[in-house]
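Data block below; observations after.
Just so you know, all these numbers are worked out from the coordinates, no wet-lab data involved. Source: prediction; values computed, not measured. All Cβ positions, glycine included, derive from the backbone under ideal geometry; neighbour counts span all protein chains shown.
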Amino acid sequence: MTPTLRVEPQPSGFGAAVIGVDISRPLPPEVLDAVKAAFAAHSVISFPDQPLDHPQLEAFTLQWGAFGWDPYVAPLADRPHILEVRRDADEKSAPFGGFWHSDWSFQKTPPAITILHSKVVPPVGGDTLYADGYRAWEALTPAFQAMITPLRALHSAGGPYGEKGFYATEKGRTGMTILPSADADKTWSHPLVRVHPVSGRTALFVNPIYTVGVEGMSVAESKALLDFLFRHSTSDEFVYRHVWSANMLTMWDNRCCQHNATGGYDGYARIMHRTTVAGEAPIAYTGAH
């Protein structure tokens, strides 16, 4: 650990604050290694009091890997890799991302990491919930683990982003431009249980908004299994509630956790800037230790 860097974990170990570093400049190799170790250990890490402009946010992101591909939402006009997650004070639409999900899990190679930097934080509400896919997996019985280990789940963006999806039919969104598309209705299959390429730990990889079925199962069978896994994986015992402050950068690992943006701030603006780091095709867990 570097002399000034301090990691303050949540009681469960899921989620941590990282103090004593300046992320507005490139991190020295030994500091970056320590921060990456904290991220691997805690899955969600935040850096309070970090004012960043667009180039600094992009530069920090690229220290973790190449930019991910962010479809169906218009980026900033001059920054194709930055999305402005904005809800205006008088906006009537639901908060963007206000449902449990793992970012872009419908892609062939979903993003490994999402990075969100707060610009305007309302005085009430606006917390983000995170659910730990590692502990959700570990809490299942060995018999249930053995049953679901070989399964593959189907993922699709059609529910929110299809031409008849939620965002295509909603009213009152002013802060962001959503781009519904027929392409969103395509499906991609991923292992229902995956191995993290860095930590080597095993995690559930399903989420209620993008996981739409299980390969080889009927609609009824898929629904029964997935409904159980959705409830189980977002149980309170696996959830960390993150409270934002202005100029805070928070990053999370889409390979082992889900998140959910809460509301509760009607009448106040909330503005965040978001990037993603490209990931890899999920690695299936085979039951080997």
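Some points to look at:
- Computed from point charges on the beta carbon alone (+1 for Lys and Arg, -1 for Asp and Glu), the dipole magnitude for region 6-284 about its Cα centre is near 260 Debye.
- Cα gyration tensor shape for region 38-88, rounded if a/c is under 1.5, else prolate or oblate: prolate
- Computed as a quarter of the hull surface, the mean projected area of the alpha carbon convex hull for region 6-284 stands at 14.1 nm².
- Stretchable slack from Glu170 to Ser199, in nm (0.36 nm times residue separation minus alpha-carbon distance): 6.5 nm
- A Förster distance of 22 Å, applied to the separation of the beta-carbon atoms of Ser218 and Phe144, puts the FRET efficiency at 0.70.
- Burial ordering of Met147, Met176, Met251, fewest other beta-carbon atoms within 10 Å first: Met147, Met176, Met251
- Projected label distance in nm at Val243 and Ala89, using a 7 Å step from Cα toward the beta-carbon: 2.4 nm
- Region 171-289 - Debye-derived log10 I(q)/I(0), Cα point model, q = 0.12 Å⁻¹: -0.64
- Here Asp78, Asp22 are placed in order of increasing Cβ neighbour count within 10 Å, fewest first, which gives Asp78, Asp22.
- Each residue, Ala278 and Leu5, gets one label point 7 Å from its Cα in the Cβ direction; the gap between the two is 2.5 nm.
- Measuring between their Cα centroids, region 259-289 and region 238-255 lie 9 Å from each other.
- Extended-chain gain in nm, criterion 0.36 nm per residue less alpha-carbon gap, Ala74 and Thr109: 10.6 nm
- Stretching the chain fully between Thr187 and Val124 yields a gain of 18.9 nm (0.36 nm per residue, less the alpha carbon separation).
- Over 26 Å (Cα to Cα) - which of Lys92/Lys164; Lys92/Lys119; Lys92/Lys186; Lys108/Lys164; Lys108/Lys223 fall in this group: Lys92/Lys186
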